[in-house]
Structures are given as C-alpha cells and as structure tokens.
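Beneath this line is the structure, given in structure tokens, with notes to follow.
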Amino acid sequence: MTDQQALIEALQAHIIPRSEHGISRADISDNALKVLYRLKNAGYQAYLVGGGVRDLSLGREPKDFDVATDARPEEVKALFRNCRLIGRRFRLAHVHFGPEIIEVATFRALHDPESDEVEGDVAMQDGRIVRDNVYGTVEEDALRRDFTINSLYYNIADFSVVDFADGMADLKAGLLRLIGDPEQRYREDPVRMLRAVRFAAKLGFRIEEHSAAPIPRMASMLEHIPQARLFDEVLKLLMAGQGAETFEQLRHYHLFEYLFPDTDRLIDTDEHGTWIRFINAALRSTDQRIAEDKPVTPAFLFAAILWPAVEEEKQRLMDEDGEHEAQAMQLASSAAISQQVRRVAIPKRFSLPMREIYLLQPRLQRYGMTPAKRAQRLLGHPRFRAAYDFLLLRAEVGNAPQELADWWTDFQKGKDMPKPGGDAAGGRRRRRRRPRRKPVVESGQ
C-alpha cells in the first residue's frame with residue numbers, strides 16, 4: 001500500500017446532517033441548484049464545494065458557487081446545452097446562465113504525478129503540476145484541495161455537509177491550514193502561498209504555524225509562475241476589499257518582492273517611509289470604494305504601486321541626461337511598466353491608462369495655479385479624474401504640493417481663483433489702451 005493509499009484509508013469523513021449546520025438551499029443560487037439536481041437525477045454524485053460552502057457556513061454571501069461531481073467533463077457537457085469545456089491545466093465545465101457561470105469540476109485523483117502508473121493526462125515541471133486531468137473519488141478530491149476550510153462538501157442528495165479534513169473546526173477557530181505537507185503543497189503550486197495570504201486577509205483568519213513557516217523561504221518559486229496567471233492572482237489579492245491588509249501580509253511573508261521587485265526595493269530604501277504610506281493610501285482608497293460599491297480600476301492601483309519606480313527613473317533621466325520633465329516622465333513610465341511585466345503581466349487595457357495618469361502629473365503641475373484656459377481644457381481629458389485623484393494621494397504623503405492639490409479641487413468647484421497678474425476674481429487681465437491723441441487742427445496757413 002502506497003503512502004497516498006494509506007492516507008485515503010485513514011481518512012475519517014465527518015458527515016454533518018442538515019439539522020446541525022446552517023446552510024440552507026434558500027441561500028444557494030437557483031442556477032447552482034439546477035446544476036446539482038440535474039447531475040443527481042442523471043445518476044451522478046453532486047456536491048457544492050469550496051468557497052461557497054465555506055462562506056455559507058460563516059454566514060457570508062458567496063461570490064460564486066462551484067460544483068464537484070464524478071461526471072467527466074464530456075458527460076457534464078452532454079447534460080447541459082449551455083456548457084463549455086475550458087482549461088488545460090485542469091479540465092473544467094462552465095455552465096452558463098446569462099451572466100452567472102456555475103463551474104463544475106470532476107473529482108480529481110490523489111496520485112504521484114511523476115509515477116509511470118498514472119492513468120490520465122498529467123505533466124510536471126520542476127516539481128510543479130502544470131497539467132493534471134486524472135480523475136478519482138470524492139475522498140481523493142477532498143485531499144487534493146488546498147486548505148481544510150475549502151474541503152467541505154454540501155451533498156444535494158441529503159443536504160448534509162461532508163467534512164473530510166476537520167475544516168469545520170478550523171472555521172470555528174479562525175485558522176487557515178493546508179491539507180498535507182505544506183512544503184510539498186507549495187512546491188506543487190507556489191500560487192498557494194498567495195492564496196493563503198488572500199484567504200487570511202479576506203476572512204480575518206490566522207495562517208496556521210506549520211502552513212506559514214515555509215512561505216518566506218519558498219517565496220522565490222513565484223518567479224516560475226506565468227506572468228498572466230500572477231496578474232489574475234494580484235487582482236484577487238488587491239481588488240477584493242482587503243487590499244491594505246493583504247499588502248501588509250504580502251510584505252510580511254516576503255511575497256511582495258517577487259511580485260513587484262522594484263517597488264519593494266524602493267520601499268526598503270526609503271528613509272522617510274513616503275512610498276509605503278503612498279501605496280497604503282492607494283489601497284485604503286480602493287478598499288473604501290469597494291466597500292461603498294463604487295467602481296474601481298486595476299489601472300489606478302497598478303499605477304500607484306509602480307509610481308516609486310517611475311519617480312526614481314524620471315528623476316535619474318532629468319539629473320543625468322538633462323531630459324525635460326514631460327519627456328522624462330514618458331520614458332520613465334515606459335521603462336517601469338516594461339520592467340514590471342517581466343514578473344506580473346499588465347494588459348494594454350490597463351497599461352495605457354496608467355501611462356496617461358503618469359503623463360498628466362507634470363501637466364497638472366504646469367497648468368495648476370496659472371491662468372485658467374489650459375487648466376479648463378485639461379478638465380476634459382478622459383483620464384483627468386484618475387490623474388487628479390492620483391495627485392491627491394501624492395499630496396497626502398508629501399510627494400506633491402498640497403496647495404497644488406487644493407487649487408485643482410477648488411478649480412473644479414468653479415471657485416474664483418487668483419491668477420498671476422490678474423484680479424482676485426480670476427478675470428483676464430485687461431489690456432491697457434494707449435490714450436487717444438487729440439487730432440491736430442490745421443491752421444490753414
């Protein structure tokens with residue numbers, strides 16, 4: 001018997017009947033229930049799993065509902081006309097109901113990916129699982145999940161919750177614990193380190209000691225993760241409403257330096273603490289907007305995170321190469337973004353607005369507190385509001401003059417602004433006319 005088989009044999013699933021847990025079908029998406037019932041009625045096992053069960057157990061509203069089943073992806077597709085199969089790393093079925101997507105995953109097997117005896121589509125690279133479509137039982141699937149609190153299965157057949165890894169106990173204790181050996185699990189997928197930080201910040205949980213200990217020394221493994229995948233993870237980390245707390249934990253576990261290396265270096269060498277205060281201010285602002293259900297854009301947050309690197313390079317270009325500020329800003333922003341995308345991808349739909357925010361900073365400086373014509377035209381720029389908000393954050397931490405930020409605030413409110421050489425009402429300086437000469441009267445002589 002292999003170690004994995006022994007682990008499955010020793011597994012003690014705890015079945016929590018309907019009367020002893022707080023999950024109600026009234027709180028589950030109607031579309032998720034449709035998927036669960038159709039799978040069950042077709043003779044398949046069907047469970048609500050992961051974050052949906054976790055959040056319902058905590059009395060929270062789930063963001064989405066995922067389903068696990070013994071039906072293969074092709075069998076799921078045969079049951080639902082509105083189904084699409086996606087993914088190469090893990091084959092998944094997406095069942096579409098208008099804007100809502102119910103993700104259906106086939107139970108994955110607990111196996112040694114490097115073994116020649118594996119039946120299925122599996123691939124490893126440097127100890128990392130890069131493709132794994134080997135299917136198994138619900139017990140194996142439970143042990144394949146990352147954290148105990150995500151290993152809870154709501155069974156639509158009898159409305160019980162099946163707890164395979166003492167997840168309910170960890171939910172009550174506010175503890176985030178990896179299933180299995182932490183180092184092995186992080187090596188299989190280094191992104192689990194980011195997920196640990198994200199869930200801890202989101203739920204207000206503590207990462208269990210043995211699960212937390214390897215993170216700082218294994219953080220460098222993030223360098224091997226595709227840039228596009230890291231971009232998706234960064235959005236989940238910083239755009240979920242707990243960005244400030246998440247940033248603190250990323251720094252604590254030395255993960256941030258492998259996501260934004262230039263920014264991390266400048267934070268560490270900043271004697272005045274300007275940059276860490278600036279990024280915290282940007283994250284707090286984003287968190288507040290999310291809490292108030294206001295729109296947010298990754299472009300603004302990424303612009304803030306890369307701003308220390310842009311400022312450093314801009315200043316170098318001005319001091320060493322004698323570049324004009326506007327030209328230096330253009331070159332510096334391109335350099336900082338180009339350097340960053342080697343680690344975390346930034347799609348053009350975000351990098352272009354970032355550049356515009358940067359390039360408007362010298363213009364806000366140049367046109368502010370001056371005669372109003374150009375300032376008025378700047379108000380119509382599509383990125384003016386984002387650039388203005390960016391200026392406010394800079395002023396808050398002393399990276400821009402506060403009086404400049406105040407001037408733009410008042411100018412937008414239509415207040416009368418004093419202009420150099422003009423009156424207090426801000427009117428145009430009246431040109432002084434020459435006195436008219438009196439006509440010369442000819443004497444007629």
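The values are calculated or read from the model by the stated rules, or taken from the named source; none is laboratory data. None of these values were measured; they are calculated from a predicted model. Reconstructed Cβ throughout: ideal geometry from the backbone, glycine too, with neighbour counts over all protein chains shown.
Tabulated results
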item	result
Filtered residues of the stretch 333-372 (kept if surrounded by fewer than 20 Cβ atoms within 10 Å (Cβ to Cβ), at pLDDT 95 or above and among the aliphatic types (A, V, I, L, M))	ALA335, VAL341, ALA345, LEU352, LEU359
Pick from the stretch 306-331, criterion under 31 Å from the mean Cα position of the chain (by Cα) and aliphatic (A, V, I, L, M), ranking: surrounded by the fewest Cβ atoms within 10 Å (Cβ to Cβ)	ALA326
Subset of the stretch 203-215 that is assigned to a helix (DSSP H, G or I) and surrounded by fewer than 20 Cβ atoms within 10 Å (Cβ to Cβ) - its residue that is nearest to the chain's Cα centre (by Cα)	LEU203
Pairs with Cβ under 9 Å, 6+ apart, first in the stretch 252-264 and on the phi > 0 side of the Ramachandran plot, second modelled with pLDDT of 95 or more and of a type in the set (Gly, Ala, Ser)	HIS254/ALA219; HIS254/SER220
Residue check for VAL161: over 24 Å from THR69 (Cα atoms) and buried (at least 24 other Cβ atoms within 10 Å of the Cβ)	no
Selected residue [under 27 Å from ASP181 (Cα atoms) and touching a residue at least 60 places away in the same chain (Cβ under 8 Å)] from LEU237, LEU203	LEU203
Boolean, ALA326 is hydrophobic (A, V, I, L, M, F, W, C) and modelled with pLDDT under 95	yes
Segments classed as strands (runs of 3 or more DSSP E), wholly inside the stretch 112-186, with at least 2 members that are basic (Lys, Arg) and at pLDDT below 90	128-133
Residue that is farthest from SER24 (Cα to Cα) [pool: residues in the stretch 38-73 that are within 32 Å of the chain's Cα centre (by Cα) and in a helix (DSSP H, G or I)]	PRO73
Count of residues meeting criterion [surrounded by fewer than 14 Cβ atoms within 10 Å (Cβ to Cβ) and farther than 22 Å from THR137 by Cβ] in the stretch 72-83	2
Criterion: at pLDDT 95 or above, touching a His at 6+ places or on another chain (Cβ under 9 Å) and in a helix (DSSP H, G or I) - qualifying residue of ALA299, ALA219, ALA303, ALA281	ALA219
Whichever residue in the stretch 216-243 is surrounded by 17 or more Cβ atoms within 10 Å (Cβ to Cβ) and more than 9 Å from the chain's Cα centre (by Cα) and, among such residues, is nearest to VAL296 (Cα to Cα)	GLY241
Subset of the stretch 256-277 [within 18 Å of LEU237 (Cα to Cα) and assigned to a helix (DSSP H, G or I)]	PHE256, GLU257, TYR258, LEU259, PRO261, THR263, ASP264, ILE276
So ALA375, is it in contact with a Gly (Cβ under 7 Å, 6 or more places away or on another chain) and either assigned by TED's automatic domain parsing to the domain that holds LEU283 or modelled with pLDDT of 95 or more (or both)	yes
Subset of the stretch 84-100 (residues that are modelled with pLDDT of 90 or more and either buried (at least 19 other Cβ atoms within 10 Å of the Cβ) or not in a strand (DSSP E or B) (or both))	ALA93, VAL95, GLY98, PRO99
Failed condition for ASP270, given (1) among the acidic types (Asp, Glu); (2) over 18 Å from PRO216 (Cβ atoms); (3) free of Cβ contacts under 8 Å to residues at least 24 places away in the same chain	(3)
